[in-house]
Amino acid sequence: MLKIRDLKARVVDGPEILKGIDLDVKAGEIHALMGPNGSGKSTLSRVLAGHPDYEVTGGTVEFEVDREPQNLLAMEAHERACAGVFLAFQYPVEVAGVSNTVFLRAAFNAICKAQGAAPIDAFDFRELLAEKLELIGMDASYLERPVNLDFSGGEKKRNEILQMAVLAPRLAILDETDSGLDVDSLRIVSEGVKKLSTPDNATLMITHYQRMLQHITPDIVHVLMDGRIVKTGDHTLAEAVETRGYDWVREAA
Amino acid sequence: MKRLRAIPPARHYGEQLDALLAQNSAGETSALQKQRQTAYDRFMAQGIPTRRVEAWKYTDVTRLAEEVFRPVDPAGITPQTLADLPYCHDGDERLVFVEGILQPDLTQRPDTSPLKLSSLSSASESAPQEVPDNPFVALNGALWRDGSMLDIPANQKLDHRVHVLFLHAAHSDPSVIHPRLHVRLGAHAEARVVVTYAALGDGPCLNNAVLDVDLAEGAQLSLVQAQVLNEQSTHLGFTRITQGRDSHVASMDFHAGSALARHDLTVALDGEGASATLNGLYAVRDRQHVDCHTGIEHRQPNCSSRQLYKGILNDRATAAFDGLVRVHPGASGSDGEQVNRNLLLSNDCQANAKPRLEIANDDVRCTHGATVGQLNDQELFYLESRGIDPAAARDMLSRGFAEEVLYRMDDKALHADLHAILDSFFEASNERD
């Protein structure tokens, strides 16, 4: 589904952060990407989502749309979302004056339109929302509030997963979704992510710690250091990193 | 010319006064006619201010010294015209002034309404007690043709909305209206009043409005002023609110339409515990210009004022906000907050903000702030990362910017009306993009 080859990127006019990433993600897989602070995890997630602050300086990213590989890097951010890429932000943005419902419905209909489906009316959308809210244990009062405005850290993260549930992406990239969550929220969010995982979609969890991985067992674990993936393994790699630290990986690599 | 602080007005203003005095169609008393003459003399003495006058620094009205706008006979508005206006609602008590003259056949009043309506032509107290240093208020005092006094008696709570419309009908000659309205709420009275200034055609017009509002002890007023004139028009507004003890006013000052708008809104918090919430929203594009001045006088202890004025600018439009919060000696416990935020949608528009505090007291809490900026890149990316295209994302954030002030209106129907007016602003903006 996703094929990254020798991807290099930097903050516009800044030093190179990604120094040659190779990564393959297939439908139905859950990947975990771990790494110390500053290793380039978040940069990779933003580059994949098309954040304008970053520029790609080399390499390729192919993303399969209807079994056809597409050049993801040539697409605008909104086109990537319409093709099925979703980024759950590490720091979700507050949007004053725009209600969660209005925002979600606009996004949902934009994606429907891009994929050739009819737009959903407000009434049907409400029903869809009700079902998704239950999945991640949010109550309906969130819907009329402005997007993320004055939400707690945990509420913001849940709101990201609510959006993911509604937009049903083919590739979900979760950027440090476990940070800033209390134990209960972490469990609820993890359960939600697990339920949303199907044989047709894929999940890339970016994390510094193993917290979320105690709830969700990844199929494949990668360790990113200094802009490169230095080690790939199964879920036991995450446990090894947790007990032995990143230095162990560095030495082993 | 540039060095002058004022320009003498042309003769046609005097001719219009002479015609009014000679006609005297309302059968005005000589006292009232004398007031007109006095106001006219004051207007002539002050002249048309140039931008060298600090209060007019951002707004150039000097062309009004020469340009001729004449009053037009009321015609061309039918009940159907009103029914077709999206912001006219069934169930409102409705007063309709066409070309500045109240039209009884268009007016709609519930039989049971406690509101007392009288003509300012017959009222003795039509003259403002305190004359502001503003030549256009003087001009209004000289040339107004008709006006109403709205009295809501003490302890009466109006369940319905009162909608006062000042309409310029469709015609091509440059026309003028000097709207004049006085709203008085007795002790503990409650009312919702909407004043709309609208042009139904696209011909040039001058709208020079004066609105006086008096709130007695414990009165509560929700006041909306919506200026939806056309792109050929000039709007000059002067609103003077005087508040008694524990009274509350919630004002929404909305501008979307005229080529040039200048509104001075002053609030005198004259009774202890009075509070005012002043919200404002202006949307300007092309070469439109808007200039909002607010002046809040905290004269008694424990009064509060909350101001949030927001502006959306596009193309080569310009805007100015000048807000003064003045805490007088002895007004302890004053609580004043003033915020002005401007959103620039193009590189060629310009907003100037001048928040001012004058505090002659220790025990007060006053804050102010102003921002001028473009849409936030992180917010744009957040929306785009969800599949919303850049144009739609900009649109959504711009409307969200407006909604941050509009949502403060309790009246959901009016809230929807103002959004609908903004829709056409955004549509017109998007068409050229």
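Within segment A:70-93, which residues are over 19 Å from residue A:116 (Cα atoms) and either at the interface with chain B (Cβ under 8 Å from one of its Cβ atoms) or not in a helix (DSSP H, G or I) (or both)?
Within segment A:70-93, A:71, A:87, A:88, A:89, A:90, A:91, A:92, A:93 qualify.
Can you find, within segment A:114-125, the residue that is farthest from residue B:392 (Cα to Cα) among those that are touching a residue at least 24 places away in the same chain (Cβ under 8 Å) and open to solvent by 40 Å² or more (accessible area, probe 1.4 Å)?
Looking at residues that are touching a residue at least 24 places away in the same chain (Cβ under 8 Å) and open to solvent by 40 Å² or more (accessible area, probe 1.4 Å), I get A:115.
I'd like to verify a number: residues in segment B:349-393 that are more than 14 Å from chain A (Cβ to nearest Cβ) and either of a type in the set (Lys, Arg) or part of a strand (DSSP E or B) (or both), how many?
Residues meeting the conditions: 17.
Residues of segment A:166-203 being in a loop (DSSP other than H, G, I, E, B), touching a helix residue (DSSP H, G or I) at 6+ places or on another chain (Cβ under 7 Å), crowded, with 16+ Cβ neighbours inside 10 Å and not acidic (Asp, Glu), which ones?
Matches in segment A:166-203: A:177, A:181.
Do we have residue B:422 as within 14 Å of chain A (Cβ to nearest Cβ), of a type outside the set (Phe, Trp, Tyr), buried (at least 18 other Cβ atoms within 10 Å of the Cβ) and touching a helix residue (DSSP H, G or I) at 6+ places or on another chain (Cβ under 8 Å) here?
Judged against the criteria, residue B:422 is a match.
For segment B:142-158, how many residues are open to solvent by less than 20 Å² (accessible area, probe 1.4 Å) and within 15 Å of residue B:71 (Cα to Cα)?
Within segment B:142-158, residues that are open to solvent by less than 20 Å² (accessible area, probe 1.4 Å) and within 15 Å of residue B:71 (Cα to Cα) number 4.
I'd like to verify a number: residues in segment B:57-96 that are touching a residue at least 24 places away in the same chain (Cβ under 8 Å), over 20 Å from residue B:411 (Cβ atoms) and assigned to a helix (DSSP H, G or I), how many?
Of the residues in segment B:57-96, 5 are touching a residue at least 24 places away in the same chain (Cβ under 8 Å), over 20 Å from residue B:411 (Cβ atoms) and assigned to a helix (DSSP H, G or I).
Going by what's in this entry, would residue B:73 be described as open to solvent by less than 40 Å² (accessible area, probe 1.4 Å), out of contact with any Leu (no Cβ under 8 Å at 6 or more places or on another chain) and not hydrophobic (A, V, I, L, M, F, W, C)?
Here the answer is no, as residue B:73 does not meet what is asked.
Just wondering, is there one or more residues in segment A:71-83 that are within 19 Å of residue A:206 (Cα to Cα), touching a strand residue (DSSP E or B) at 6+ places or on another chain (Cβ under 6 Å) and open to solvent by less than 40 Å² (accessible area, probe 1.4 Å)?
no
Suppose we filter A:13, A:24 for residues that are more than 14 Å from every other protein chain (Cβ to nearest Cβ) and not in a strand (DSSP E or B); which single one remains?
After ruling out the rest, the residue left standing is A:13.
Take the residues in segment B:394-412 that are open to solvent by 70 Å² or more (accessible area, probe 1.4 Å) and part of a loop (DSSP other than H, G, I, E, B), then tell me which one is farthest from the other protein chains (Cβ to nearest Cβ).
B:410
Under the condition of being at positive phi and away from chain B (no Cβ under 14 Å), which residue from segment A:36-56 is least open to solvent (accessible area, probe 1.4 Å)?
Once the filter is applied, the top-ranked residue is A:40.
Can you tell me which residues in segment A:94-128 are aromatic (Phe, Trp, Tyr) and within 12 Å of another protein chain (Cβ to nearest Cβ)?
Those that are aromatic (Phe, Trp, Tyr) and within 12 Å of another protein chain (Cβ to nearest Cβ): A:103, A:108.
Pick from B:332, B:346: which is in contact with an Asp or Glu (Cβ under 8 Å, 6 or more places away or on another chain) and over 28 Å from residue B:377 (Cβ atoms)?
B:332
Quick test for you: out of B:19, B:10, B:31, pick the one residue that is touching a Pro at 6+ places or on another chain (Cβ under 9 Å) and surrounded by fewer than 15 Cβ atoms within 10 Å (Cβ to Cβ).
Exactly one residue qualifies, and that residue is B:19.
Suppose we filter segment B:159-186 for residues that are open to solvent by less than 10 Å² (accessible area, probe 1.4 Å) and in a strand (DSSP E or B); how many remain?
Number satisfying all stated conditions: 13.
For segment B:252-268, which residues satisfy the criterion of being crowded, with 22+ Cβ neighbours inside 10 Å and touching a residue at least 40 places away in the same chain (Cβ under 8 Å)?
Residues satisfying the conditions are B:252, B:253, B:254, B:256, B:257, B:258, B:260, B:262.
Looking at (1) of a type in the set (D, E, K, R); (2) over 27 Å from residue A:17 (Cβ atoms); (3) more than 14 Å from chain B (Cβ to nearest Cβ), which one does residue A:64 not meet, given that it meets all the others?
Unmet condition: (2).
Only one of these conditions is not met by residue A:207: (1) at pLDDT 95 or above; (2) in contact with a helix residue (DSSP H, G or I) (Cβ under 9 Å, 6 or more places away or on another chain). Which number is it?
(1)
Can you tell me which residues in segment A:31-50 are out of contact with any His (no Cβ under 9 Å at 6 or more places or on another chain) and over 20 Å from residue A:249 (Cβ atoms)?
A:46, A:47, A:48, A:49 - these are the residues of segment A:31-50 that are out of contact with any His (no Cβ under 9 Å at 6 or more places or on another chain) and over 20 Å from residue A:249 (Cβ atoms).
Where residues in segment A:143-160 are away from every other protein chain (no Cβ under 13 Å) and either part of a helix (DSSP H, G or I) or in contact with a Cys (Cβ under 9 Å, 6 or more places away or on another chain) (or both), which of them is surrounded by the fewest Cβ atoms within 10 Å (Cβ to Cβ)?
Ranking the candidates gives A:153 first.
For residue A:103, all conditions in the list (1) open to solvent by less than 10 Å² (accessible area, probe 1.4 Å); (2) under 27 Å from residue A:28 (Cα atoms) hold save one; what is the number of the exception?
All conditions pass for residue A:103, except number (2).
Being at pLDDT 95 or above, open to solvent by 10 Å² or more (accessible area, probe 1.4 Å) and within 20 Å of residue B:328 (Cβ to Cβ) is the requirement here; does residue B:230 meet it?
Here the answer is no, as residue B:230 does not meet what is asked.
Can you name the residue in segment B:22-36 that is among the hydrophobic types (A, V, I, L, M, F, W, C) and within 28 Å of the chain's Cα centre (by Cα) and, of all such residues, is nearest to residue B:53 (Cα to Cα)?
The selected residue is B:32.
Out of all the residues in segment B:316-333, is one or more within 14 Å of chain A (Cβ to nearest Cβ) and either among the hydroxyl-bearing types (Ser, Thr, Tyr) or in contact with a helix residue (DSSP H, G or I) (Cβ under 9 Å, 6 or more places away or on another chain) (or both)?
No, segment B:316-333 has no match at all.
Which condition number does residue B:389 fail, the rest of (1) among the acidic types (Asp, Glu); (2) within 21 Å of residue B:241 (Cβ to Cβ); (3) without any contact (Cβ under 8 Å) to a residue 24 or more places away in the chain being met?
(2)
The values are calculated or read from the model by the stated rules, or taken from the named source; none is laboratory data. No experiment lies behind these values; they were computed from the predicted model shown. Note: ideal-geometry Cβ built from the backbone for every residue, glycine included; neighbour counts use all protein chains shown. Accessible surface is based on the protein model in full, side chains and every heavy atom, while ligands, DNA and RNA are left aside. Shrake-Rupley method; radii C 1.70, N 1.55, O 1.52, S 1.80 Å.
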